[in-house]
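Every read-out reported here was derived from the displayed coordinates using simple, explicitly stated rules and does not represent laboratory data. This structure is a prediction, so every number in the text was calculated from the model and none was measured. Note that each Cβ is placed from the backbone with ideal geometry, even for glycine, and that neighbours are counted across all protein chains shown.
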Amino acid sequence: MQGGASGTPLSTKLYYGLGAVAFGVKQNGFAFFLLMYYNQVLGLPEKSVGLAIMVALLFDAISDPVVGSLSDRFHSRWGRRHPFMYLSILPVGISYYYLWNPPAGLTAEQLFVHLIVLAILVRLFITFFEIPNTSLVSELTEDYDDRTSMMSIRYFFGWWGGLSMSLIAYGFLLRPTGEYPVGVLNPDGYRTLGLVAACVIVLSILVSSLGTHRNITHLKQPPPRRPFGFLPALREMKETLSNRSFLILFISGIFSAMAAGLSAGLNIYFVTYFWELTSIQIFFLVMTGFLSAILAVSFAPRLSARIGKKPAAVAAIFSAILFGPVPIVLRLLGVLPPNGSPLLLLALMVFQTLEVALIISSSILVSAMVADVVEESELSTGRRSEGVFFAGLSLVGKAVAGIGVMLSTVILSVIGFPQDAQPGVVDPGIMTHLALVYVPLLTLLYLISAFLVTAFRISRATHEENLQMLARSG
């Protein structure tokens, strides 16, 4: 075991963190572009897009814990995690490419089936990498603060990977042309985006898997081999996931994921139709995310070391509420400059930088808290179940692009948002209605998430006690 606050080499942290680029790129596409592409560009009704994403999410609810459990008990000369990671490389790249490149001439029904099938495949194959890869943090180090540091680096790469794809999309691919004067409605850009993103995902998985391969001999060993039984395995997963500390984080994560997914799903609608930003202005707005990730990587570990993970996470979530909906509220109150003003873009950049930095910080801290649940669970069950716990965390993360997009489609349908809408011609009453539904709902979801985190019971002292008890029993 490589442990200690200074015991995990920087190269190991970087290779571990690089794996998050794959999930970040995939997540960025699902959360920010998939709804717009299939709805406004390909013409699939928003309800159909939302239903397809929810079907894929329900499939995840089964596949994620199964993959996590399998990787916890898998025996091979390459350890428990790496065989799954290597297995995912080509399938996830191929399926992600075809998600954005459906065959020409499909009917609406055929396009709907294509979306469901490819969304399921992408999510399944990314699960084969993401869950085993993320689970490595609890095996690479046992140190309370070092785990926060490693998760910070992981989230840094995940956000930079996803944001880089947004910059490529807005800056180079979704550009206005004579045929498509609104860049985000250019279908050729989305098709190329699918190819570029698939290549980045494959490269990220390959580099992270090879880079952490040398640590296999130092990782925890699987439990003794025994005949596999579906019911016994199901009982073990139920016992593991019944851990109170984990359930608190899981349920809180569902609400924060719904909030983040709602924000991500409607973001492109707000920047295009509410703020009426051009492609180049959206490009600059997206760039603030890079600064947000840098701020979060610095902020989360320091705040955790000073006051602990739980208080830091609660403070970050509450603070995000203050910055997220404020620009929309100020616009409704007539305070912000008019659309097209450079001052408006500057204000949006400042608010978004702070909001996203706080959201990333809370995600880092909650992920590090999940890592600390592993030892508490081991004391009560006698098993290390990193894969199962991080499967739950992965499912929450995927809910960003599932439940959030579904909520977005429901809201768009309820307010009567028009098909084939053009910026500047959408009824202002519809945009006001969208804002009045979005702001209270977003705020409520974040408040519930923060309230639930306050019930988490593992502190620095508790974690150290768990490690000492395991050492005495082992």
Would you mind working out the magnitude of the charge dipole of the range 353-453 relative to its Cα centre, with +1 at each Lys and Arg C-beta and -1 at each Asp and Glu C-beta, to the nearest 20 Debye?
140
Ranked highest first by average number of other Cβ atoms within 10 Å, how do 173-181, 270-278 line up?
270-278, 173-181
Sparse-neighbourhood loop sites, trypsin sites (Lys or Arg not before Pro) in the range 53-139 - DSSP loop, at most 14 other Cβ within 10 angstrom:
Arg77
Using Cα atoms only, what is the angle between the long axis of helix 187-212 and the major principal axis of the chain, expressed in degrees (0 to 90) to the nearest 10?
20
Which of the lysines could be linked to Lys220 by a straight reach, that is with a Cα gap under 26 Å, when you skip same-chain ones fewer than 8 residues away?
Lys13, Lys238, Lys309
Projecting each Cα onto the charge dipole of the chain (Lys/Arg +1, Asp/Glu -1 at the beta carbon, about the Cα centre), which of Met431, Gly308, Trp100 comes out farthest on the positive side?
Gly308
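If R₀ is 41 angstrom, what is the calculated FRET efficiency for the pair Ser242 and Thr432, using the beta carbon separation as r and rounding to 0.05? Please report the intermediate quantities before stating the final value.
Working: r = 45 Å, r/R0 = 1.10.
Approximately 0.35, to the nearest 0.05.
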Rounded, prolate or oblate: which fits the range 245-292 when a ≥ b ≥ c are the square roots of the eigenvalues of the alpha-carbon gyration tensor, with rounded for a/c under 1.5 and prolate only if a/b beats b/c?
oblate
Can you tell me how the range 66-146 classifies by the Cα gyration tensor, rounded, prolate or oblate, using a/c under 1.5 as the rounded cut?
prolate
One checks the Cα atoms of the chain and finds Rg and Dmax, in Å, of 21.8, 72
On average over all directions, what projected area in square nanometres does the range 342-435 have, based on the convex hull of its Cα atoms?
9.0
Percent relative contact order of the range 29-186, based on C-alpha pairs within less than 8 angstrom and at least six residues apart?
25
Share of Cα-Cα pairs in the range 277-393 beyond 23 Å, whole percent, is 46
Take the alpha carbon gyration tensor of the range 17-70, find the square roots of its eigenvalues, order them as a ≥ b ≥ c, and report rounded if a/c is under 1.5; if not, report prolate when a/b exceeds b/c, else oblate.
oblate
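Any idea what the relative contact order of the chain is, in percent, if you count C-alpha pairs under 8 Å spaced at least 6 apart? Can you show the working numbers first?
On the way: 749 pairs, mean separation 132.4, N = 474.
Answer for the chain is 28 percent.
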What is the magnitude of the charge dipole of the range 191-341 about its Cα centre, with +1 placed on the Cβ of each Lys and Arg, -1 on the Cβ of each Asp and Glu, and no other charges, expressed in debye to the nearest 20?
720
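Can you give the convex hull volume per residue for the Cα atoms of the range 118-211, as a whole number of Å³?
Values: hull volume 10.1 nm³, N = 94.
Considering the Cα atoms of the range 118-211, their hull volume per residue is 108 Å³.
Pairs of Cα atoms under 8 Å, at least six residues apart: use those to get the relative contact order of the range 145-220, whole percent. Provide the component values of the computation, followed by the final result.
On the way: 31 pairs, mean separation 13.8, N = 76.
Taking the mean separation of contacting Cα pairs over the length of the range 145-220, I get 18 percent.
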Would you list which lysines come within 22 Å of Lys47, measuring only between C-alpha atoms, while excluding same-chain residues fewer than 8 positions from it?
Lys26, Lys398
Please list 3J(HN,Hα) in residue order for the range 290-296, calculated via the Karplus relation 6.51 cos²θ - 1.76 cosθ + 1.60 where θ = phi - 60°; whole Hz, with x for glycine and proline.
5, 5, 4, 5, 5, 4, 5
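Using helices alone, what [θ] at 222 nm do you get for the chain, with -39,500 (n - 2.57) per DSSP H run of 4 or more residues, divided over all residues and rounded to the nearest 500? Intermediate results must be reported in sequence, preceding the final value.
Working: 16 runs with 347 residues, N = 474.
Dividing the helical sum by the residues of the chain leaves -25500 deg cm²/dmol.
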Karplus-derived 3J(HN,Hα), 6.51/-1.76/1.60, for each residue of the range 409-426, Hz, glycine and proline x:
5, 5, 4, 4, 5, 5, 7, x, 5, x, 6, 6, 6, 10, x, x, 10, 6
